[in-house]
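Let me begin by presenting the structure, written as C-alpha cells, before commenting on it.
The values are calculated or read from the model by the stated rules, or taken from the named source; none is laboratory data. Since this is a predicted model, take the numbers as computed values, not measurements. Note: ideal-geometry Cβ built from the backbone for every residue, glycine included; neighbour counts use all protein chains shown.
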Amino acid sequence: MLVLLSPDICRHIILKRDEVALTILENWSGQGDEIMLSAITYAELVAGALQTSDRAKHMQLVKSFCERLDDIVAWDGKAVDQYTEIQMQAMQSGSTPNMNNAMLAAHAISLDARLLCMNRKHFAGIEGLKLLELEEVQESIA
C-alpha cells in the first residue's frame with residue numbers, strides 16, 4: 001500500500017510528537033507499505049516553517065520528519081490530469097474545493113495511493129480518493 005500524508009497529519013506528528021501516529025506509520029512501513037509525501041505537502045510544510053519566528057528550528061523539524069519517510073513524490077502530468085478532472089467535477093456540482101487539497105487528492109488518485117489525513121471534510125466530494133483518517137485508524141487498532 002502506498003500512503004501519502006496530508007499537511008495536517010504531518011503538522012500534527014511534527015508539532016505534537018504523536019507517538020501513536022508515528023507507531024502506525026512505522027508498522028505500515030515494516031509491513032512493506034510506502035509512506036510518502038506529495039511535493040504539494042512538502043511545499044506546504046516548508047512554507048509553514050518559513051513563516052515561523054524560528055525558521056531554522058522548524059525547517060530542521062520538517063527535514064527530520066521527511067528523512068523518516070520513503071520519498072517525496074514529484075507532482076507530474078498524471079496528477080495534473082487528475083486535478084483537471086477534480087476541478088471539472090467541482091464546477092459541475094457547484095462546489096469549490098481548496099486548491100491545495102484538490103491538488104493533493106489528485107496526486108493520491110493518480111498514484112493509486114491512500115491519503116492519510118486528520119479531517120475527511122477537507123476532501124469531501126472528491127471522487128475516487130481513498131481516504132484514511134487518523135482517528136479511524138487509531139480506533140481500528142485500539
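Tabulated results
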{"read-out": "Count of residues meeting criterion [closer than 15 Å to Pro7 by Cα, free of Cβ contacts under 8 Å to residues at least 60 places away in the same chain and in contact with a Leu (Cβ under 8 Å, 6 or more places away or on another chain)] in the range 81-122", "value": "2"}
{"read-out": "Candidates Gln60, Gln51 - the one that is of a type in the set (S, T, N, Q), surrounded by fewer than 19 Cβ atoms within 10 Å (Cβ to Cβ) and within 20 Å of Asn100 (Cα to Cα)", "value": "Gln51"}
{"read-out": "Leading residue by the ranking (farthest from Ala74 (Cα to Cα)) among those in the range 1-24 that are modelled with pLDDT of 85 or more and in contact with a Lys or Arg (Cβ under 9 Å, 6 or more places away or on another chain)", "value": "Met1"}
{"read-out": "Any hit, the range 128-139, residues being under 16 Å from the mean Cα position of the chain (by Cα), without any contact (Cβ under 8 Å) to a residue 24 or more places away in the chain, buried (at least 17 other Cβ atoms within 10 Å of the Cβ) and closer than 18 Å to Glu34 by Cβ", "value": "yes"}
{"read-out": "Test set (1) surrounded by 20 or more Cβ atoms within 10 Å (Cβ to Cβ); (2) touching a strand residue (DSSP E or B) at 6+ places or on another chain (Cβ under 6 Å); (3) touching a residue at least 60 places away in the same chain (Cβ under 8 Å); (4) not small (Gly, Ala, Ser) - Leu69 fails condition number", "value": "(1)"}
{"read-out": "The range 30-50: number of residues that are within 16 Å of the chain's Cα centre (by Cα) and in contact (Cβ under 8 Å) with a residue 12 or more places away in the chain", "value": "14"}
{"read-out": "Within the range 96-112, considering residues that are surrounded by 12 or more Cβ atoms within 10 Å (Cβ to Cβ) and of a type in the set (S, T, N, Q), the one farthest from Ile40 (Cα to Cα)", "value": "Ser110"}
{"read-out": "Residue among Lys16, Lys57 that is within 17 Å of the chain's Cα centre (by Cα) and not acidic (Asp, Glu)", "value": "Lys16"}
{"read-out": "Selection from the range 2-24 of residues that are in a helix (DSSP H, G or I), touching a His at 6+ places or on another chain (Cβ under 8 Å) and either under 15 Å from Arg120 (Cβ atoms) or not aliphatic (A, V, I, L, M) (or both)", "value": "Asp8"}
{"read-out": "Some residue of the range 17-40 being touching a Cys at 6+ places or on another chain (Cβ under 8 Å) and of a type in the set (Val, Ile, Thr)", "value": "no"}
